[in-house]
Amino acid sequence: MSAEPTRRRGGGTGLVFAIGAYVLWGFLPGFFLLLEPASAWEIVAFRVLMSLVFCAVLLTVTRGWRGLFGLSRQPRVLFTMALAGALIYVNWQVFVIAALTGHVVEGSLGYFINPVITVALGVVLLRERLRPLQWIAVGVSVVAILVIAIGYGAFPWIALTLALSFGFYGFIKKRVGAQVDAVSGLTLETAWLAPVAVVQLAVTGAVVGLSFGSLGPVHLALMIATGVVTAVPLLLFAAAARRLPLVALGLTQYLTPVLQFLTGVFLLHEPMPTGRWIGFCLVWLALVLLTIDMIRAARAGRRASLPVA
């Protein structure tokens, strides 16, 4: 059997995994709204603890504890995962706050501009040189943020915090991706965050009270399910990343913010004044430019890899 059909089947499976991950992430705001009246602080604390429990179950089923213990004996990996955990904690907390306070659209903006942030991190941290279209896309995104800030009358701190935290998180995960698998990585991150989650639950319970266990079995089940809802898209994404070329993975990532944007505008009826529409259109223009540049670069790479006749 030739390798080409095998690669094609792997690519098809990878595309299914990628779409599954991004669709699940896209509907996360709706899931968190089902957890009300639990506060954002209670939800994120349970998200951390239930993710750790779910990862422990997965490690037991897949017999992955030995690999995890091996990683935990490497100080560099261990503390890198601590930094990744801190970044994803910020991302989770701000995202849930956005979902529960009527800022789903602004949250979607953060994930729309995340590819631009990733490109900018490559320049700042890796000394990469941008191609002309990438420079234009970065410039258009900066203008878009200014337009939204001026037109909406408030600085889009939720969007920028989400984009920066997830951008740095992705950068760190990329650096250790060859050493740390998805389950072990999430386990180490949530293990670092578990003490923070416990303290957060104690403080939240003392200040405003906890809803866990007091609103019936359905709400209790949903709170427990935060671990599954967190871990499953990450595992699907990891499986897709191993099977798909970067271009295909990059194109499918826009599913998440598109679904979040549609949820905020059409289901939750969040306001979209003219300035915000203009800003979003500029962001989408920047994404089109980045996509064109990405496809061009991929084609050039394939041509360069062809044998000379």
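Identify all residues within segment 99-131 that are without any contact (Cβ under 8 Å) to a residue 12 or more places away in the chain and small (Gly, Ala, Ser); write none if there are none.
Gly122
If the requirement is being over 20 Å from the mean Cα position of the chain (by Cα), part of a helix (DSSP H, G or I) and not hydroxyl-bearing (Ser, Thr, Tyr), which of these qualifies: Val96, Val105, Val119, Val142? So that I can check it myself, show each step before the final result.
Numbers: Val96 fails: over 20 Å from the mean Cα position of the chain (by Cα); Val105 fails: over 20 Å from the mean Cα position of the chain (by Cα); Val119 fails: over 20 Å from the mean Cα position of the chain (by Cα).
Just a single option satisfies the conditions, and that option is Val142.
What are the residue pairs meeting all of these: first residue in segment 148-164, first residue in contact (Cβ under 8 Å) with a residue 24 or more places away in the chain, second residue of a type in the set (Lys, Arg) and assigned to a loop (DSSP other than H, G, I, E, B), Cβ atoms under 7 Å, and 6 or more apart or on different chains?
Sorted first by the residue in segment 148-164, then by its partner, the list stays empty.
Considering only segment 115-150, state which residues are of a type outside the set (Val, Ile, Thr), surrounded by 22 or more Cβ atoms within 10 Å (Cβ to Cβ) and more than 14 Å from Ala297 (Cβ to Cβ).
Ser141, Ala144
Please state which of the following conditions Ile158 fails to meet, knowing it meets all the rest: (1) at pLDDT below 90; (2) closer than 20 Å to Pro273 by Cβ; (3) surrounded by 18 or more Cβ atoms within 10 Å (Cβ to Cβ).
(1)
With the condition kept exactly as written, say whether any residue in segment 291-305 is within 20 Å of Val140 (Cα to Cα), of a type in the set (S, T, N, Q) and assigned to a helix (DSSP H, G or I).
yes
Restricting the search to segment 230-252, which residues are surrounded by fewer than 18 Cβ atoms within 10 Å (Cβ to Cβ) and not in a helix (DSSP H, G or I)?
The answer is Pro245, and nothing else.
Conditions: (1) within 15 Å of Ala40 (Cβ to Cβ); (2) without any contact (Cβ under 8 Å) to a residue 24 or more places away in the chain. Thr230 meets all but one. Number of the miss?
(2)
Yes/no matrix, rows are residues, columns are (1) loosely packed, with under 15 Cβ neighbours inside 10 Å; (2) closer than 24 Å to Leu15 by Cβ:
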position	(1), (2)
Thr263	no, yes
Pro273	yes, no
Leu285	no, no
Leu290	no, yes
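Would a scan of segment 172-181 turn up a residue that is part of a helix (DSSP H, G or I), surrounded by fewer than 16 Cβ atoms within 10 Å (Cβ to Cβ), among the charged types (D, E, K, R) and modelled with pLDDT under 85?
yes
Quick check: is even one residue across segment 58-75 of a type in the set (D, E, K, R) and in a helix (DSSP H, G or I)?
Yes, some residue in segment 58-75 is of a type in the set (D, E, K, R) and in a helix (DSSP H, G or I).
Going residue by residue through segment 194-213, is there one that turns out to be crowded, with 21+ Cβ neighbours inside 10 Å and under 18 Å from the mean Cα position of the chain (by Cα)?
No, segment 194-213 contains no residue that is crowded, with 21+ Cβ neighbours inside 10 Å and under 18 Å from the mean Cα position of the chain (by Cα).
From Val96, Val44, Val105, Val53, grab the single residue that is under 16 Å from Ala182 (Cα atoms) and of a type in the set (Val, Ile, Thr). Break it down into steps so the answer makes sense when it comes.
Working: Val96 fails: under 16 Å from Ala182 (Cα atoms); Val44 fails: under 16 Å from Ala182 (Cα atoms); Val105 fails: under 16 Å from Ala182 (Cα atoms).
Of Val96, Val44, Val105, Val53, the one residue that is under 16 Å from Ala182 (Cα atoms) and of a type in the set (Val, Ile, Thr) is Val53.
Go through (1) surrounded by 14 or more Cβ atoms within 10 Å (Cβ to Cβ); (2) at pLDDT below 90; (3) within 18 Å of the chain's Cα centre (by Cα) for Gly227 and report which single condition fails.
Gly227 satisfies every listed condition except (2).
If I ask for residues that are of a type in the set (Ser, Thr, Tyr) and either touching a Ser or Thr at 6+ places or on another chain (Cβ under 7 Å) or farther than 11 Å from Gly67 by Cβ (or both), which ones from segment 179-193 would you list?
Residues of segment 179-193 of a type in the set (Ser, Thr, Tyr): 184, 187, 190.
Scanning segment 179-193 gives a single hit, Thr190.
The values are calculated or read from the model by the stated rules, or taken from the named source; none is laboratory data. In this text, all values refer to a predicted model and were calculated from it rather than measured experimentally. Neighbour counts are summed over all protein chains in view; Cβ atoms, including those assigned to glycine, are modelled from backbone coordinates with ideal geometry.
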